[in-house]
Each structure stands twice: as C-alpha cells, then as structure tokens.
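Below is one structure, written out as structure tokens, with a few remarks after it.
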Amino acid sequence: MSERVMSERSTEQIRELLDSLYRVDSGRILATLIRLLGDFDLAEEAMHEAFAAALSLWPGSGVPGNPRPWLISTARFKAMDTLRRRARFDASQDELVRHLEAQWSSAERSNQEDSLEDDRLRLIFTCCHPSLAPEARVALTLREVCGLTTEEIAKAFLTTPSTLAQRIVRAKAKIRETPIPYEVPTPQELPERLGAVLHVIYLVFNEGYSAAAGAEVTRAELTGEAIRLCRLLAELRPETEVVNPELMDPEMDQEIVDPEVMDPEVWGLLALMLLQESRRAARTSPTGELILLENQDRSLWNREQIAEGVALVEKALKSHRFGPYTLQAAIAAVHAEAESVAVTDWRQIVALYNRLLQIHPSPVVQLNRAVAIAMRDGPEAGLTHIDALLEQGELANYYLAHSARAEMYRRLGRTAEARASYEKALALTQQEPERRFLQERIRQLK
C-alpha cells in the first residue's frame, strides 16, 4: 500500500475521532473557553479553529494522550492570535490580550482545583440569568450549552431563524455589557436563581421527549443533555446550603443551615425526566410510528431509570417542600409501577393532579387531569371536563386538547364528532409521526 493511501486512511480515521470528540466534548470545551475568554463568539470561533488544527496536525504528529486539554490550549492560542490581529486597529483589544495572558495560568490552576469540573454548570447559570428575557434564556441555553444550530432551535420552537438569531445576539450582548458573571451562584443567591435554570432544563427535555415538529417523535440528544445537566445541579453541595425551617437553634432563636438539604425540586425534576425517558424505547414502532401509553410494550421500559426515578420521588416527597416537578414525577411513577393501563391507580393519579392544580394551576394540567378522570370515571366524565376547558379558549389551538376530545368521542361511539376533533388536531400539529397517527385514527373511523 502506498504512503499516500496510508496517509489518507489515517486522515479519515482522525476525522472520525474528531467527529466523536466534537459530539461528546465540544460542549465542555466551549464552556471552558467561554469562562477563560469571556466572549461567546470568540470562544466558539477558537474552538472550531482548534478542531481544524487537530485534523491538520494529528495525522502526522499523532493523537495526544488527552485530547480535550490539547484542544482547549490550542483554541486559547487561536483566540489570542485573533485578539492580537484586532489589537492592531483597536488599543482596547491589546489591553484585553495582556489581561487574558496574565490571568491564564491562574485560571488553569483554579480549573484543576475546582470541585465542579464541568464548566457547563457555570454556563447554564449564565445563560439562565434572570436579567435575560425568558425566551432568550431557552434559545441561548440550547445554542451554547446543548450545541443546537439556530435553525434547529427555530424549528423546534416554531419561529424563524432570523428571529432566533436576534434573541441570541441580544442575550450575548447583555451578558457582555452588564456584565453577567460566569459562575455558579452563591448559596444565598441560589434559591432565586434555581427556578429559572430548572425551567429551561424542563423545556429542553420536553422538546427532546416530544419534538414540536419534524420527522421524529423524540430527540435523545436533548433528553440526555437535560438529564445530565440536572444531575450536575443535584450534585451541588456547598451544597446549596438550603435553610431547613425544621432545624432551629433554641438558644440562638435562629435557623440552622443544613448543608445536606437540596431543593427537592431538583430531585423532582430529575425523577420526572428519568421516569419519562424510561419509556422512550416503547413510544415508537420500529418504523417510527407513535405508540400510545396504553399500547406500549412495558417490557421495553428501562427499569433502572424507573428505580432511580421512584427513589428520587420518594426522597423529594419526604422533604414536604416539594413543588410541581415532584408532583408530576409522582404521577409518572404511578404509571411506571403499574403492570398495565387497566391496573393503574387512576384514583391516585387524579388526587395528585388535584394537588398539582393547587400549587401550579394551568390549562394543560387541567387537560391531563380530565384524561385521568376519564380513565377513572369513563369517557363521558372526561369529555365534560375537556369541553369546559375548550370553552375557556386557552387551549383552542392546542392540538392535544382536540386529540383528547376526539378520543373521548371515539370511545363513546360518536364517530362524526370524533372525526371532526381529530381533523382539528391534525391541522394544528407539525410533528410527522403525530400527523400519521391522527390520519390513521381518521381512516379507522371511516
């Protein structure tokens, strides 16, 4: 075999290795570079240049024993070169170069000593800072933490790429100009910051669990990333230092901080995502068709994830400080532990929805409760609740409301009304497997 062919094969192998490294480690590399450089766009540009340099150099020099530090170091030099070129025309850039060079060695040492090795935890708190608009937090987190393209995010949230790009640009500018610190909040700040982060993680997971549009029902990369991020939050142990109101010093007449107490909603959200994700393999057929919960092969459910999720739910409930994520996880746990839809404890599920509505009232929760009532008391009872919700108008353009109504009509044998509701739902959904499911339901009615 000629030397040229051997070189080409080596380059192709390196390309495959770098593709794998990018999928697995680019998020961590980018997060570290953002912390060290203090600039989102510069960090992203430098990271891509570092990967290009690796593709050029590694076939000849060999792959480093630990590729990630090599890529980070190379990206740092690429960024410095970029800043030096800019400094020829802008004196402030020269000052920035000197500042970064002076800070680099100490920053590297602190990175080694840091108990939270993953900079993406810092990055997500930055992207979810309360001074940013809610829609900007989601867009920035999906772009910078999860690595989605602007086009992918825009498609997922039914907006245009240009609108999405403007949100991201404005958010980055605000982070740079405010400036918003690139750090995990202090224990005193954490309670007011945690809710926004949990909400963004929840939205990321939901988009992965049931994509808003496109050819696939689920996107495993998003659900996996959301679970990983929530695990990072659950491992915070300065841990949050949440004040436990049950612990009081009788002599000092003040609360004692219990460092072992974590906000139960972190456990609740992690439990919810694990329990939902445990069903992923059973939610679609081998050809990608949607399978409803009642028809799923429960032997395909991931029992390890279910066991972990149930344990987390119990832990959160025992704290007596739980919120909506924990209650949703408790509902998911009832489903997960039932052998079939027929033996599911629908009475308990309705009771949990009643409690959830007390602390987190929303039309979607009311819709889910109505479906649970139908399973407990029959489709006529469920239809009454769904009709009342639709009359209120908030769910008029929510396809799942019309799909649920159609299902009630179908079970009651009211074919014409069922067909009309299915067609309304079909007109409102943009996910291809859901569209095919609804079309098949309509076909069966005919």
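The values are calculated or read from the model by the stated rules, or taken from the named source; none is laboratory data. Note that the structure is a prediction, hence the values are computed from the model and not measured. Neighbour counts run over all protein chains shown; Cβ positions are idealised from the backbone, glycine included.
Points to keep in mind about this one:
- Residues satisfying the stated conditions in region 261-295, i.e. among the polar types (S, T, N, Q), buried (at least 18 other Cβ atoms within 10 Å of the Cβ) and assigned to a helix (DSSP H, G or I): Q276
- From I180, I168, residue being more than 28 Å from G309 (Cα to Cα), of a type outside the set (F, W, Y) and in a loop (DSSP other than H, G, I, E, B): I180
- Taken over region 398-413, the criterion of being buried (at least 22 other Cβ atoms within 10 Å of the Cβ), of a type in the set (A, V, I, L, M) and more than 29 Å from the chain's Cα centre (by Cα) is satisfied by A406, M408.
- Looking across region 39-78, the residues that are more than 24 Å from the chain's Cα centre (by Cα), outside any helix (DSSP H, G or I) and of a type outside the set (A, V, I, L, M, F, W, C) come down to G62, P64, G65, N66.
- Within region 57-80, residues that are within 13 Å of L36 (Cβ to Cβ) sit with their Cβ atoms under 6 Å from residues that are in a helix (DSSP H, G or I) and hydroxyl-bearing (S, T, Y), at 6+ positions apart or across chains, in these pairs: I72/T32.
- In region 96-105 there is no residue matching the filter, namely being surrounded by 14 or more Cβ atoms within 10 Å (Cβ to Cβ) and modelled with pLDDT of 80 or more.
- Those residues of region 362-397 which are crowded, with 18+ Cβ neighbours inside 10 Å and not aliphatic (A, V, I, L, M), in sequence order: Q366, N368, R369, P379, G382, H385
For every residue, the table says whether it meets (1) among the aliphatic types (A, V, I, L, M); (2) without any contact (Cβ under 8 Å) to a residue 40 or more places away in the chain.
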| position | (1), (2) |
| --- | --- |
| S285 | no, yes |
| L300 | yes, yes |
| K315 | no, no |
| T326 | no, no |
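- Of all residues assigned to region 313-320, none qualifies as being surrounded by fewer than 17 Cβ atoms within 10 Å (Cβ to Cβ), of a type in the set (A, V, I, L, M, F, W, C) and in a helix (DSSP H, G or I).
- Just one of (1) surrounded by 20 or more Cβ atoms within 10 Å (Cβ to Cβ); (2) over 21 Å from the mean Cα position of the chain (by Cα) fails for E339. It is (1).
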